[in-house]
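What follows draws every value from the coordinates through simple rules; no lab data is involved. What you are looking at is a predicted structure, and each value in this text was computed from that prediction instead of being measured. As a convention, Cβ positions derive from the backbone with ideal geometry for all residues, glycine included, and neighbour counts pool all protein chains shown.
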Amino acid sequence: MLLSAAERQLLVDQALALIEHLYVHLPLKRAMHAVDPLQRLRLLRHRSASLSEPAFHAELVSIFNRLRDLHTNYILPEPLRTRTAYLPFRIEEFFEGQEQRYVVTEVKPGTEDASFKRGVLVTHWNGIPIHRAVELNSDREAGSNLDARHARGLAAMTNRWLAMSLPPDEDWVVVTYRAGRRIRERRFEWQVFESGLSGGGNDPLAASGDLALVLGLDAKAEMERQTRKLLFAPEAIEIVRQVKQQTDPVLGGGPGAAGPVDFTVISKMPDVFTFRAIKTPSGQFGYVRIHTFYVSDDTAFVEEFVRIVGLLPQNGLILDVRGNPGGNILAGERLLQVLTPQAIDPERFYFINSPLTLRICEASPSFADWRESIAQAVETGAPFSHGFSLRPVENYNNIGQKYQGPVVLVTDARCYSTTDIFSAGFQDHGIGKILGTSGATGAGGANVWGHGLLLTIFPAEDSPFKPLPNNASFRVAVRRCTRVGKRSGVLVEDLGVVPDAVHRMTKRDVLNGNVDLIKRAGEMLATMPVHSVTAKVRNAGTLKRVVAVTTRNVTRLDVFLNARPYRSSDVIDGILSIDLPSLPAGSITLELRGFRNDQLVVSTRVGL
Amino acid sequence: MAADPKKAPEKKSVAAKSLSAKAPKKRTTSEREAEVDANIGESQKLRDFLSGAGWD
């Protein structure tokens, strides 16, 4: 179970190969955080024989954590890799004026007693004032900016996946808390269980196939999210099971199969989406929470989102991505199109220029676009390749706008990677307003690859990558991304997305369904105009088709047939009819683009 | 292509159902505890786990 001296050397050598020749953020991290991971790794190789097993792993974890990059990690070997240490409750923070407070928001069933329960305020942690204890824990975490580190440190107070966090130093924690007017203490032992995935989620270290190439995920936060469901939300786990039974053909389900789950109120991807119509003092709006982008099928993801928003009020949407650790970058970037009439310009991704990244681009046609600029680097001296989107730009625009109401996106410092990229795209395309509960998102701006993927890209004996002992592994950011539009070229990494407005979470928010946060989002939505264009085809199936178009808040309507201009007219709100030319049978797409003051404000596509 | 201002814009039907209306029967604390324990499997103390893993 313990590593031999040769196995330790192998781990350090593989880490060196990754960081020195593949890690795309190395120049940035050296500048931003004044770190020298290569020298630390060389020292570790020199000294490793004198270190205990825990000290060796602790140093390797520390070297990676100091990069302040939640994409670039050392994955500890078995038996730690598959274990989670936990305390049977969760704490969250809220603000009273400028003061941060910490409150118990979830308790594992059976742990509550007459005084320790949801809603008690935590004042001390092993005798340390709680804000200082969180601060100390945050410094051990890898978050890119201060807000992100704080959020990660707070989460790790009670929930640590031992694949990517060292075990707690303490065997137990004494929590001092205020229950009513009384100050009380209770001791909790750290417990360990085998990190299961019975909650319906996917193993964040087991992405394979195409997904492994387009991953943008904080794996640790994804596992923590799944652990919280297991510990505190058995009802949510049960819904996941019921949905699977009702929709999985292997289990006798299928599309339209009858069962206990009502899909007008529960998503067919219950681990990914929750939603409802929500009343606010400013009106009734739609509310969708996207818990994760970690899905293998980005098309199914977008289709389910479209189905959901079709069930909700069309006059405004609160889209809440707080705590979303990312996942499939294509899911995030392809979702943007359904919220806007604008053409989506996806983010550009760049390798660092090195002999190794050139070998990768020569080894696989998937990276052919990047090959030429990396090969030229020997002459140009450019540090990075040219930037390209992950897929051809048509892939991000082949569905078009499906929700026409205004949208407020709600973010926090735990939003990471794909969620950063989605939020950046939302802002860069002017889709709506962003309301943040932190000063910035978590700032993960890259495509991350696992060591296992590199083994498949380089299977030959002369591969620079070797199998690792005891299921240990690494993850590394290999392609950094930059923003588009007015912020073209701006990095997402370490900077994140700054919201248009900040709402500090209140006690009512953390204990009473985000009521103040949603009120604020509703107020923002109420100030945003609603534009709509809808179409109904009459005489379908005949050559004399007529389209009845309903417009709202639109002054000009442009009509396209199969992406070719057909006509353009000034309009006033109401219903109008458009006679279509006789067209041969086949796949014809009618697109209507609505303008106000010559600005494109809404669009819809209809298949004829 | 003249608009007809007399006709009101079409409104999409809105499903404003409450999730709670479809929520399953509320479980007791002991039922929830049993479900969580079944979901996570057996837990052990951190110290016992680390000793077994050779991390002492």
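A few notes on this one:
- Between the alpha-carbon centres of the range A:327-375 and the range A:472-520 there is a gap of 21 Å.
- Overall form of the range A:159-297 per C-alpha gyration tensor (a/c, 1.5; a/b vs b/c): oblate
- Going from the fewest other Cβ atoms within 10 Å to the most, the residues A:538, A:480 appear in the order A:538, A:480.
- When A:544, A:29, B:45, A:244 are arranged by Cβ crowding within 10 Å, least crowded first, meaning fewest neighbours, the order is A:544, B:45, A:244, A:29.
- Computed over neighbours whose Cβ is under 10 Å from that of residue A:83, the net charge equals 0, Lys and Arg +1, Asp and Glu -1.
- Lys/Arg +1, Asp/Glu -1 at C-beta; chain A dipole; positive extreme among A:41, A:309, A:10: A:309
- Ranking of A:546, A:24 by count of other Cβ atoms within 10 Å, fewest first: A:546, A:24
- Anisotropy class of the range A:135-184 from Cα gyration tensor, a/c 1.5 cut: oblate
- Between the range A:379-417 and the range A:151-228, the Cα center-to-center distance that results, in Å: 29 Å
- Restraint check, A:108/A:279; A:268/A:507; A:402/A:536; A:117/A:220, Cα-Cα greater than 23 Å: A:108/A:279; A:268/A:507; A:117/A:220
- Cα lying deepest toward the dipole's positive end in the protein assembly as shown, options A:497, A:451, A:258, charges on Cβ: A:258
- Per-residue mean of C-beta atoms belonging to partner chains within 10 Å, peptide B:27-39: 5
- For the protein assembly as shown, the gyration tensor built on C-alpha atoms gives an oblate shape. Its axis ratio a/c (a ≥ b ≥ c) is at least 1.5, and a/b is not larger than b/c.
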